[in-house]
Amino acid sequence: MGLLSKKDSKLILDPLADNNPITIQVLGICSALAITAQLKPSIVMAISVIFVLGVGNVVISLLRNVIPSKIRIIVQLIVVATLVIMVDQVLKAYAYELSKELSVFIGLIITNCIIMGRFEAFALGNGPWKSFLDGIGNALGYGVILIIVGFFRELLGSGTLFGIKVLGDSVEKTGLYAIGYENNGFMVLPPMALIVVGIIIWVQRSKNKALIEEN
């Protein structure tokens, strides 16, 4: 981050750890549950949100002084919907099977509270450059969690990564001992995504006691 000031660097780095939108702000949980059974959709969703939030924050920042306050939410929805449609069309053109796999969840980026939250909380009050960094930082924080969850769910649930076999899907019995790995089908079920996110939250807060809320 040598080219960035400390404040600019914090806009990117803070959401990756101490202010992560999923593990700290508890936003965007639905997509973390829905599309992380495999690693590839998790990465595509992360990249899609990085594009939508990064560009969207810049657009809203550029328009912030001309948007009437009464219709700002409508304008924000139009901006994010336009960007999401662009992402959806690119996926359909170049990755049709993956587009079908993600189905409605790409469209649901429009209602992702992380995106609307950054529009409202940051882009409406800051310039394009800072808004861009804020968007990229929060999207990266969101994407990192999706990729971690997708990695462990696919590896332990299906024994694969990117669809390539990594762990054996059956146990070979040799005498009294079992050799190999038997897929854990529970890992591919949506509740397991919440459990993995919970483990990440526990690890994160055990390392940073300042994140623990006092009663």
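Condition (residue is of a type in the set (Gly, Ala, Ser), in a helix (DSSP H, G or I), within 17 Å of the chain's Cα centre (by Cα) and at pLDDT 80 or above) applied to region 68-75: is it met by at least one residue? Looking through region 68-75, none of the residues is of a type in the set (Gly, Ala, Ser), in a helix (DSSP H, G or I), within 17 Å of the chain's Cα centre (by Cα) and at pLDDT 80 or above. Answer yes or no: is there a residue in region 141-154 that is buried (at least 24 other Cβ atoms within 10 Å of the Cβ) and closer than 30 Å to SER69 by Cβ. Yes, the conditions are met somewhere in region 141-154.
Among residues of region 33-45 that are in contact (Cβ under 8 Å) with a residue 40 or more places away in the chain and within 14 Å of PRO190 (Cα to Cα), those with a beta-carbon under 6 Å from a residue that is among the polar types (S, T, N, Q) and part of a helix (DSSP H, G or I) at least six positions away or on a different chain give the pairs THR36/SER42.
Every test in (1) touching an Asp or Glu at 6+ places or on another chain (Cβ under 8 Å); (2) modelled with pLDDT under 85 is passed by VAL26 save one, and that test is (1). Each residue in region 168-215 was checked for being modelled with pLDDT under 80 and aromatic (Phe, Trp, Tyr), and 2 of them qualify.
Within region 44-66, the set of residues being aliphatic (A, V, I, L, M) and crowded, with 17+ Cβ neighbours inside 10 Å comprises VAL44, MET45, ALA46, VAL49, ILE50, VAL52, LEU53, VAL55, VAL58, VAL59, ILE60. Residues satisfying the criterion are absent from region 112-125 (criterion: buried (at least 17 other Cβ atoms within 10 Å of the Cβ), farther than 27 Å from LEU11 by Cα and modelled with pLDDT of 85 or more). Residues considered: GLU97, GLU101. Of these, the only one that is in contact (Cβ under 8 Å) with a residue 60 or more places away in the chain and more than 25 Å from GLN25 (Cα to Cα) is GLU101.
The values are calculated or read from the model by the stated rules, or taken from the named source; none is laboratory data. Since the model is a prediction, treat every value here as computed from it, not as a measurement. Cβ: placed from backbone, ideal geometry, glycine included. Neighbour counts: every protein chain shown.
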